[in-house]
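The values are calculated or read from the model by the stated rules, or taken from the named source; none is laboratory data. Small disclaimer: the values here were computed from a predicted structure and weren't measured. Positions of Cβ are generated from backbone atoms using ideal geometry, with glycine treated the same way; all protein chains shown enter the neighbour counts. For accessibility, only protein heavy atoms count, side chains too; no ligands or nucleic acids. Shrake-Rupley method; radii C 1.70, N 1.55, O 1.52, S 1.80 Å.
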Amino acid sequence: MAPSVAEIVPVTIDSDTSVDNVTLLKKHSLDKSSVVSAELKKDDGPLFPFYYPHFDNTEKHVDAGSRADPAKPHLLATATTENLTPYIGTEIKGVQISQLNQEGLDELALYAAERKVLVFRDQDFKDLGPDRQVEIAKHFGPIQLHPTSGNVKGYPEFHVVYRDGQHNRFEEYGGSNRLSKTQWHSDVTYEKQPPCTTFFFSLEQPPNSGGDTLFASQVEAYNRLSPGFQQRLEGLRAVHSAVHQADFSRKRNDPVRRGPIETSHPVVRKHPVTGEKALFVNPGFTRYIEGYKQEESDNLLRFLFDHIARGADFQIRATYKPNTVVVWDNRVTVHSATNDFPSKVRRHAVRLTPQGEIPIPA
């Protein structure tokens, strides 16, 4: 039988005191009526030092791609690949994500960072069951628990995307009185540690066409800017906010699982593995540039948002055939669902969202 946590010895509490729990428990053979604290000397420390409070402000994250073999032998040995555009997107066949070993998953993270979006076909991922799905996603970082979205009962790690004739929460969120339903964003960038390698698997799609996802490369969006403008942006910081999302959820009597936060991030960030610089603003969550007057901030952000949205030559449209899994690097992309199919048609998908590092300024 495994030892009690109380038997984990010794544990250092501070520089002067080391506690041997077994000795303490033998020394203090207490019945239920005894008061433990009265019989312990001041320097003995807690009976259960394993649970001594620990505070770590480093927020460390080691990206899985940093461990990968650049040749990617475990990921691509049996795969066929087709680049969707030169700047972003690769379709992959002939490999099962579920069968990748640790090295293969590391290579997947690196490949997603390099190509921004990976579209895997003919996957068994949706049939693995939630525990295995979560286990795979956790390889890339702790799963972000969405503060307002619908999840899977008993599995808060899942972010469920669902629409049918009676449910269209996402159109309500964006507003129905709009010419375009496009809503460019990077997922939950208001988090202190926004997502990294993200998984999205389709369960049901419109039977003929529609319901795709648009993706744009934030790396190429940055590269298109003039050197002088790039220099102007580097060093700036912008505030990303969860307030609107939380307010919308409250109005619907939907959950707000924790209070909305606002976080400052660099306008241009650097990828921890590839070293590429990327814009890190999006109209979904970025609210203002720190240190700028409102009009200055509004004009700069409007320019960047328009630049990203109009960049058709550094965008792709990911399609969802049966058993498709799309993996993208949320740090260097923005995306939008396409609400272009009949309202009575069901679209059902699930996202798993590992969190990455605190954004590294360029």
Considering every residue within region 280-289, establish whether at least one is open to solvent by less than 50 Å² (accessible area, probe 1.4 Å), small (Gly, Ala, Ser) and part of a loop (DSSP other than H, G, I, E, B). yes
Looking only at region 330-339, decide whether some residue is at pLDDT 95 or above, open to solvent by 10 Å² or more (accessible area, probe 1.4 Å) and farther than 19 Å from His139 by Cα. yes
Evaluate the following for Gly45: is it over 23 Å from the mean Cα position of the chain (by Cα), at positive phi and among the small types (Gly, Ala, Ser)? yes
Filter region 94-125 for residues that are under 19 Å from Thr213 (Cα atoms) and touching a Lys or Arg at 6+ places or on another chain (Cβ under 7 Å); the one that is surrounded by the fewest Cβ atoms within 10 Å (Cβ to Cβ) is Asp122
Name, by its number, the condition in (1) buried (at least 16 other Cβ atoms within 10 Å of the Cβ); (2) in contact with a Phe, Trp or Tyr (Cβ under 9 Å, 6 or more places away or on another chain); (3) closer than 30 Å to Gly259 by Cα that does not hold for Gly141. (2)
Can you work out which of the residues in region 174-214 that are outside any strand (DSSP E or B) and of a type in the set (Gly, Ala, Ser) is modelled with the highest pLDDT? Ser186
